[in-house]
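Structure first, then comments.
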Amino acid sequence: MNQNIQQMIHKIRTQQKPSKDDLVHLLGCEPSSATALFAAADSARRRYVGDEIHLRGIIEFSNHCRRSCRYCGLRKENTNLKRYRMGGEEIYEAALAASRNGCKTIVLQSGEDSYYDADTIARAVKMLKKLGLAVTLSCGERPEEEYKYWRQAGADRYLLKHETANPVLYSQLHPDMTYNNRLGCLTALKALGYQVGSGCMVGLPGQTAKDLAEDLLLLKELDVEMAGIGPFIPSPHTPLADASPGTAEMTLKMIALARLLLPQAHLPATTALSTIDPLGRKKALQCGANVIMPNVTPQPYRHFYEIYPNKDREEARHADCRQQVETLVHSLGRSVAKTPGHSPKQQFTRERQGESIA
Ligand code: SAM
């Protein structure tokens, strides 16, 4: 049995097109086999991306959203949420503080909020680049020209999760969006030279192990530079408020398999995972993850970016305190990266193009 698991792990690591059945099998494996999977992922992580853990400071600059995603607390129909928007000065102050705290990358994330036009975002990108920071944008679906404009302004990366690779489930969860458009945005971002992050939720209502295997195969096909994989957590005042959450165990298996399929990718230990399991962050870092995303959004805004409940409580407990992050990182025998952690795949191309590796 264990030999069988080892063979599957080997095939997944080495085959260009891994088998969906093997992925489904590993996602359903017993805890003893999962231990072997996690060990293989941890060893691949060490070999391909090393022992450094990258800190990506996330600024959630607006919780306004024009979308109706059925799982998300920011959905426009949620009138129970106090909405906010941060100004340029506030974003700058938050980024400066994060940079002084060791973050080399700032992730600017928001709901889909067209209040911020292309120029406003471009100005924010330029401002952060002047601080010597790498910049990831995560503002949802926007026209390709805007993605291009922001790339020209200096944005290094774009994070747009595909959420689920099952097109039927995707359309059920996103009544006002299409799966094809999501993939079109990801393809456009790639073509523009962004380091692209995508990812999915684990444990969505109606999602099967086959769907999760498709998520992994899609991430491989897109050859993403970053994959954010976290559990679905039911959020009050949404149509899925009473659904069951995803499990930590399945999320960890997904992270481990993502590491084997995409050895050089950056994989965050997500806040969502540590919201459902207090040891989730540490466990993820031990089965393939190499990124922590401290929330550096100032209060009181942070409290209102409530995509699911208790998110800010978890962040306060863990990720945004430099001391706690260092204690965690050192307890694992690892270190906090001193570089921005650009994708190892893209480093060479960027140097050839004469871009500064800020
Ligand atoms: N608007 C941007 C976009 O579309 O990419 C980013 C903002 S969106 C709130 C950020 C992420 O939150 C989504 O990609 C989704 O995976 C996650 N999210 C939203 N609701 C969630 C929930 N109930 N449980 C877990 N993750 C959730």
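The values are calculated or read from the model by the stated rules, or taken from the named source; none is laboratory data. Note that the structure is predicted; figures quoted are calculated from it, not measured. Neighbour counts run over all protein chains shown; Cβ positions are idealised from the backbone, glycine included.
Total residues in the stretch 195-212 satisfying the condition of being crowded, with 24+ Cβ neighbours inside 10 Å and either away from the ligand (no atom under 13 Å from the Cβ) or closer than 14 Å to R142 by Cα (or both): the figure is 2. Restricting attention to the stretch 47-81, the residues being more than 16 Å from the ligand (Cβ to nearest atom) and over 20 Å from the mean Cα position of the chain (by Cα) number 2. Just for the stretch 289-309: of the residues that are assigned to a loop (DSSP other than H, G, I, E, B) and within 16 Å of G341 (Cα to Cα), which one is nearest to the ligand (Cβ to nearest atom)? The selected residue is M293.
Flag set for R317, criterion: modelled with pLDDT under 95 and either under 15 Å from A41 (Cβ atoms) or out of contact with any His (no Cβ under 8 Å at 6 or more places or on another chain) (or both).
Go through the stretch 228-260 residue by residue and tally those that are away from the ligand (no atom under 16 Å from the Cβ) and either under 24 Å from P340 (Cβ atoms) or of a type in the set (D, E) (or both). Before the answer, list the steps.
Within the stretch 228-260, the first condition is being away from the ligand (no atom under 16 Å from the Cβ), and the residues that meet it are 249, 253, 256-257, 259-260.
From the residues that got through so far, the ones that are either under 24 Å from P340 (Cβ atoms) or of a type in the set (D, E) (or both) too are 249, 259.
Selection size over the stretch 228-260: 2.
Among the residues of the stretch 39-77, those that are part of a helix (DSSP H, G or I) and surrounded by fewer than 20 Cβ atoms within 10 Å (Cβ to Cβ) comprise A39, D42, S43, R46, R47, Y48.
Tally up the residues in the stretch 138-189 that are in contact (Cβ under 8 Å) with a residue 24 or more places away in the chain, over 17 Å from L108 (Cα atoms) and small (G, A, S), please. The total comes to 2. Is the stretch 167-188 home to any residue that is more than 12 Å from the ligand (Cβ to nearest atom), buried (at least 22 other Cβ atoms within 10 Å of the Cβ) and within 26 Å of H54 (Cβ to Cβ)? Checked against the condition, which is being more than 12 Å from the ligand (Cβ to nearest atom), buried (at least 22 other Cβ atoms within 10 Å of the Cβ) and within 26 Å of H54 (Cβ to Cβ), the stretch 167-188 yields no hits at all.
Given the condition under 17 Å from R56 (Cβ atoms), out of contact with any helix residue (DSSP H, G or I) (no Cβ under 7 Å at 6 or more places or on another chain) and among the acidic types (D, E), answer yes or no: does some residue in the stretch 310-324 qualify? Scanning the stretch 310-324 turns up at least one residue that is under 17 Å from R56 (Cβ atoms), out of contact with any helix residue (DSSP H, G or I) (no Cβ under 7 Å at 6 or more places or on another chain) and among the acidic types (D, E). For the stretch 91-137, a residue qualifies if it is surrounded by fewer than 18 Cβ atoms within 10 Å (Cβ to Cβ), in contact (Cβ under 8 Å) with a residue 60 or more places away in the chain, touching a helix residue (DSSP H, G or I) at 6+ places or on another chain (Cβ under 8 Å) and not small (G, A, S), and exactly one does: N101. Scanning the stretch 213-227 for residues that are away from the ligand (no atom under 12 Å from the Cβ), farther than 18 Å from H342 by Cβ and not aliphatic (A, V, I, L, M) yields E214, K220, E221.
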